[in-house]
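So the structure is just underneath, and the comments pick up after that.
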Amino acid sequence: MELGTVYAKLGSKVTVVEALPQILTGNDPDCVRVVANKLKTWGVEVMLNAKAKSWEKKGDRAVVTVTTASGDVQLDADRVLVTVGRRPNTDGSGVDKLGLKMEKGFIVTDAQLRTNVPGVYAIGDCATGMMLAHKATKEAEVCAEAIAGRKSAMDVRTIPAVVFTDPEIASTKTAGRKTKAGKFNFAVLGRSLSVNDPDGFVKVVSDAETEELLGVHIVGGNASDIISEAALAIEMGAFLHDLSLTVHPHPTLPEALMEAAKVVLGEAIHAVNR
Ligand SMILES: Cc1cc2nc3c(=O)[nH]c(=O)nc-3n(C[C@H](O)[C@H](O)[C@H](O)COP(=O)(O)OP(=O)(O)OC[C@H]3O[C@@H](n4cnc5c(N)ncnc54)[C@H](O)[C@@H]3O)c2cc1C
């Protein structure tokens, strides 16, 4: 979706073939809806419940056969980009001969990135957990410190993730309990209006009883920049009032985080309290 958006904005006609009933599965469905709508603006055609079955070269064209509910259709394209899934690249590297404990292709580690084989550590995409650059970096730091004999461990409550579509989706969350949530739309935020980018919102999720912050989902311009404050808040064990009582400069995008916390608390001034 990230590369598709880029190519569409550069002027290519992009068709997305998606086997599942929605794009960007795993992300907050409300956020995905905003991206799906914006794709129409970029002229991206999305085929849902459609399975890419095969392709063949015809001259300098690539013809893809797609299975849909109403039968097979053929798409004539200049280029086909296959971007289905990622998995640890451990095949053929000799890792299998070390006797490492593996789970679904990932190397199992402890909080100091030790494997079950003494002296062997694993970090990044080949080790269990999210396949993200900043997760790999954090693990590398912890691993190096552990090897150096320091008291270091992977002790994080949340790892933020970003989808760099236009608009972006950014989210960060920790273990779920009974929750309540509130949303604040960028359409009523001064900064978003002044830069003419009103699509999207910030959604704040908290524990229903204690009001501890458990998650934040953002869709909109610069979502990737706003999410770090949310990650810090979760790491610090913040409550909704910590966010809502922190003075945010106006007009800025992170104000939406404070406003969304107020919405959950029923203390909103710039949104309707329900
Ligand atoms: C298209 C794409 C976009 C992405 N975008 C983002 C993003 O926006 N943000 C984000 O956080 N993450 C993103 N990621 C994920 C991110 O790139 C990975 O999580 C990160 O690079 C993992 O770091 P790593 O060191 O574990 O593995 P890698 O960066 O893959 O490094 C592993 C290295 O090992 C080498 N290697 C492999 N096998 C052998 C061998 N047998 N012998 C010697 N060397 C070998 C490889 O060539 C490679 O250089 C993206 C990934 C892809 C594919």
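The values are calculated or read from the model by the stated rules, or taken from the named source; none is laboratory data. For clarity, every value in this text was computed on a predicted model and none was experimentally measured. In this analysis, Cβ positions are derived from the backbone assuming ideal geometry, glycine residues included, and neighbour counts consider all displayed protein chains.
Quick check on Gly4: is it touching a residue at least 12 places away in the same chain (Cβ under 8 Å), at positive phi and surrounded by 12 or more Cβ atoms within 10 Å (Cβ to Cβ)? Against the criterion (touching a residue at least 12 places away in the same chain (Cβ under 8 Å), at positive phi and surrounded by 12 or more Cβ atoms within 10 Å (Cβ to Cβ)), Gly4 does not qualify. Taken across region 163-170, residues that are in contact with a strand residue (DSSP E or B) (Cβ under 9 Å, 6 or more places away or on another chain), away from the ligand (no atom under 14 Å from the Cβ) and not in a loop (DSSP other than H, G, I, E, B) do not occur at all. Of the candidates Ala153, Ala144, the single residue that is at pLDDT 95 or above and either within 11 Å of the ligand (Cβ to nearest atom) or assigned to a helix (DSSP H, G or I) (or both) is Ala144. The residue list Leu39, Leu20, Leu24 contains one member that is assigned to a loop (DSSP other than H, G, I, E, B), of a type outside the set (Val, Ile, Thr), within 24 Å of Thr165 (Cα to Cα) and touching a helix residue (DSSP H, G or I) at 6+ places or on another chain (Cβ under 9 Å), which is Leu24. Residues in region 67-82 include at least one that is within 14 Å of the ligand (Cβ to nearest atom) and either of a type in the set (A, V, I, L, M, F, W, C) or more than 16 Å from Glu45 (Cβ to Cβ) (or both).
Selection of region 99-113 for residues being away from the ligand (no atom under 13 Å from the Cβ) and either aliphatic (A, V, I, L, M) or at pLDDT below 85 (or both) yields Leu100, Met102, Val108, Ala111. Just one of the numbered conditions (1) part of a helix (DSSP H, G or I); (2) in contact with a strand residue (DSSP E or B) (Cβ under 9 Å, 6 or more places away or on another chain); (3) surrounded by fewer than 14 Cβ atoms within 10 Å (Cβ to Cβ) is not true of Val82: (1). Within region 186-197, the presence of at least one residue that is touching a strand residue (DSSP E or B) at 6+ places or on another chain (Cβ under 6 Å), farther than 28 Å from Met154 by Cα and in contact (Cβ under 8 Å) with a residue 12 or more places away in the chain is confirmed.
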